[in-house]
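The values are calculated or read from the model by the stated rules, or taken from the named source; none is laboratory data. Owing to the predicted nature of the structure, the values given are computational and were not obtained by experimental measurement. All Cβ positions, even for glycine, are placed from backbone atoms using ideal geometry, and neighbour counts span all protein chains on display. Note: accessible area is taken over every heavy atom of the protein model, side chains too, but ligands, DNA and RNA are not part of it. Shrake-Rupley method; radii C 1.70, N 1.55, O 1.52, S 1.80 Å.
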Amino acid sequence: VPRLGGLAVPLLPGAVDPAISPDGSRIAYATVSASGMTRIAVSELGRPERAATLTGDDDGFLDHRNPAWSPDGEALCYSDFRDLWLVSLPHGRPRRLTTDQARDRFPVWTSDGRYLFFSSSRRGTQAIWRIPARGGEAQRFTLGTGPEAKPSLSRDGRRLAYMPATRDFRTWK
């Protein structure tokens with residue numbers, strides 16, 4: 001969409017969960033692969049036809065979603081059905097960051113690249129958690145009663161925003 005308004009122009013039809021690289025030159029996104037599952041792909045913003053798929057069927061369970069760029073643009077974190085995964089660019093092998101039975105989603109990097117914040121349904125409630133990017137034990141960060149989702153950090157890393165993840169599936173007439 002032009003900065004001052006106007007019509008939206010499709011950039012990558014079928015792409016979901018877009019994430020712009022820190023330098024503004026690339027876009028990571030989830031797209032449906034030949035297997036019918038979503039996989040993470042990256043392309044240059046000006047050349048979407050030259051997209052490279054980063055993840056494959058062995059790089060996570062079911063769909064791969066929610067790509068998040070590291071602050072230096074050298075890695076991506078994404079979620080599969082349950083866990084968070086990290087992949088170094090341009091041709092690294094994805095490695096699992098979380099490994100338990102909790103559903104981990106919506107990763108976001110700290111400005112120094114040392115930690116990732118994410119939403120998880122651990123210990124009976126959905127809250128915001130933090131884990132070292134190098135791996136280790138996840139620590140609960142928010143103390144609310146949940147459910148809490150979609151964390152976002154300010155550029156300087158001093159403020160965290162998130163949303164209550166309530167859903168109302170009732171139909172009203």
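Restricting the first residue to segment 76-94 and requiring it to be at positive phi, which pairs with a second residue that is of a type in the set (Gly, Ala, Ser) and open to solvent by less than 10 Å² (accessible area, probe 1.4 Å) meet a Cβ separation below 9 Å and a spacing of at least six or different chains?
No pair meets every condition.
So how many residues does segment 17-34 have that are hydroxyl-bearing (Ser, Thr, Tyr), more than 16 Å from Ser70 (Cβ to Cβ) and part of a loop (DSSP other than H, G, I, E, B)?
Of the residues in that region, 1 qualify.
Can you find, within segment 1-34, the residue that is nearest to the chain's Cα centre (by Cα) among those that are open to solvent by less than 60 Å² (accessible area, probe 1.4 Å) and among the β-branched types (Val, Ile, Thr)?
Val16
Looking at Trp69, Trp109, can you tell me which residue is within 17 Å of Ser21 (Cα to Cα), aromatic (Phe, Trp, Tyr) and out of contact with any Lys or Arg (no Cβ under 9 Å at 6 or more places or on another chain)?
Being within 17 Å of Ser21 (Cα to Cα), aromatic (Phe, Trp, Tyr) and out of contact with any Lys or Arg (no Cβ under 9 Å at 6 or more places or on another chain) holds for just one of Trp69, Trp109, which is Trp109.
Can you name the residue in segment 156-173 that is modelled with pLDDT under 85, open to solvent by 100 Å² or more (accessible area, probe 1.4 Å) and among the charged types (D, E, K, R) and is also nearest to Trp129 (Cα to Cα) among such residues?
Here the residue is Arg167.
List every residue pair whose Cβ atoms lie under 7 Å apart, where the two residues are 6 or more positions apart in sequence or sit on different chains, the first residue falls within segment 118-143 and is in contact (Cβ under 8 Å) with a residue 60 or more places away in the chain, and the second residue, located anywhere, is of a type in the set (Phe, Trp, Tyr) and surrounded by 17 or more Cβ atoms within 10 Å (Cβ to Cβ).
What qualifies is Ala133/Tyr115.
Residue pairs, Cβ under 6 Å, 6 or more apart or interchain, first in segment 45-70 and in contact (Cβ under 8 Å) with a residue 60 or more places away in the chain, second surrounded by 13 or more Cβ atoms within 10 Å (Cβ to Cβ). List them.
Listed by first residue and then by second, the contacts come to Ser70/Trp109; Ser70/Gly113.
For a quick check of your reading: which strands (runs of 3 or more DSSP E) sit entirely within segment 35-120 and have at least 1 residues that are among the hydroxyl-bearing types (Ser, Thr, Tyr), open to solvent by 10 Å² or more (accessible area, probe 1.4 Å) and farther than 23 Å from Gln139 by Cβ?
38-44, 47-53, 84-88
What number of residues within segment 121-155 are open to solvent by 30 Å² or more (accessible area, probe 1.4 Å), in a strand (DSSP E or B) and not basic (Lys, Arg)?
Residues flagged as open to solvent by 30 Å² or more (accessible area, probe 1.4 Å), in a strand (DSSP E or B) and not basic (Lys, Arg) within segment 121-155 amount to 3.
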